[in-house]
1. Of the peptides 146-153, 193-200, how do they stack up when ordered by the mean number of other Cβ atoms within 10 Å, highest first?
2. Going by C-beta contacts inside 10 Å, put M214, M106 in order with the fewest on the left.
3. Listed highest first by mean packing, meaning other Cβ atoms within 10 Å per residue, what order do 227-236, 57-66 come in?
4. Under 18 Å Cα-Cα from K121, which aspartates and glutamates qualify once same-chain neighbours fewer than 8 residues away are excluded?
5. Mind giving me the FRET efficiency for K115 and W27? R0 is 41 Å, r the Cβ-Cβ distance, nearest 0.05 is fine.
6. Fewest first, what order do Y104, Y254, Y48 take by the number of other Cβ atoms within 10 Å?
7. Using modelled backbone amide H atoms (1.01 Å from N, in-plane), which distant-in-sequence or interchain residues come within less than 5 Å of S65's amide H?
8. Taking the alpha-carbon distance from K40 and a cut-off under 17 Å, which aspartates and glutamates remain once sequence neighbours fewer than 8 residues away in the same chain are dropped?
Amino acid sequence: MRNRLLSALLLFLSPMANSQNFSLPIWKEKAEALGYVLPKPFGINVNYMSLEQGIAVDSIAFGGSSALDFVGKLFDFSAEGGTQSTEVLNLRADVWLLPFLNVYGMAGKITGHSKTTVVMKGRLSQKETRFPFELNLDGDLYGAGLVLVGGYENWFALVDASYTKTNLTVIDGGIDAIVISPRLGYDFNQMGVPLRLWVGGMYQDVEQSLSGDMKSIGLNIPNLESARFYVEQHLSTQWNPIAGAQYQLSPNWYLLGEFGMGERRSAFVSIDYRF
């Protein structure tokens, strides 16, 4: 899927980039006549992001064997809040269709893990036992998004919205994520400094339905080879503040960095080539 997505993006970009009778963005001349300086229409960039945030477990269950099914009749299982750490490396291709509208597609790899504590409570004795529970979140990621931009003099505002799907490779299941990031910033280019600074917020709506055998989480229990776990979890915080900057290295190359703060801590860096 990832290779097909990248091939489709490159096929989409290449004929427009080579065409002498067609230029993007649409209404480019009208925007430039109004005094707007537009970026080059096509871009290819490599992004890296490191992120740590809290998770809430909606449900957790164990089964798949007669022994565990019997245990499930004697004990109730729940999970306390935990943390999730991930690193994402992806390749993104984008195009400015309109002076205020950019669309993009991306594909990449995600590595990481989530940690929580499982609480096993006896239904008769009410005695509680706690044990750590860690899930491997390595997988392949792909998705698409759009950016809406507006500005006045040196000020600009934008909203970046995307949807990504991650297919996990170590355990079963996937991660569906909707991310929306409004930003407000200032452009220093007219002052002779090729720099843009901004602040904003990041909203993430992430649902995780995960399952797998006990071996995938490092539990090799004799006579329980068919035993499985089932987890439903989501992020404990949907919004967090962000701040970032973009520096133009040359007419075609840009370097971007952005940091997330609060209960979701993140670091994002991107190198962008525009043509």
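1. Packing proxy ranking, top to bottom: 193-200, 146-153.
2. Lowest to highest Cβ neighbour count: M214, M106.
3. The peptides rank, most packed first, as 227-236, 57-66.
4. D58, D69, D76, E80
5. 0.25
6. Y48, Y104, Y254
7. Amide H neighbours of S65, under 5 Å, 5+ apart: R228.
8. Cross-link targets: E29, E32, D94, D187, D272.
Read-outs throughout are calculated quantities, based only on the coordinates presented, and are distinct from any laboratory measurement. What you are looking at is a predicted structure, and each value in this text was computed from that prediction instead of being measured. All Cβ positions, even for glycine, are placed from backbone atoms using ideal geometry, and neighbour counts span all protein chains on display.
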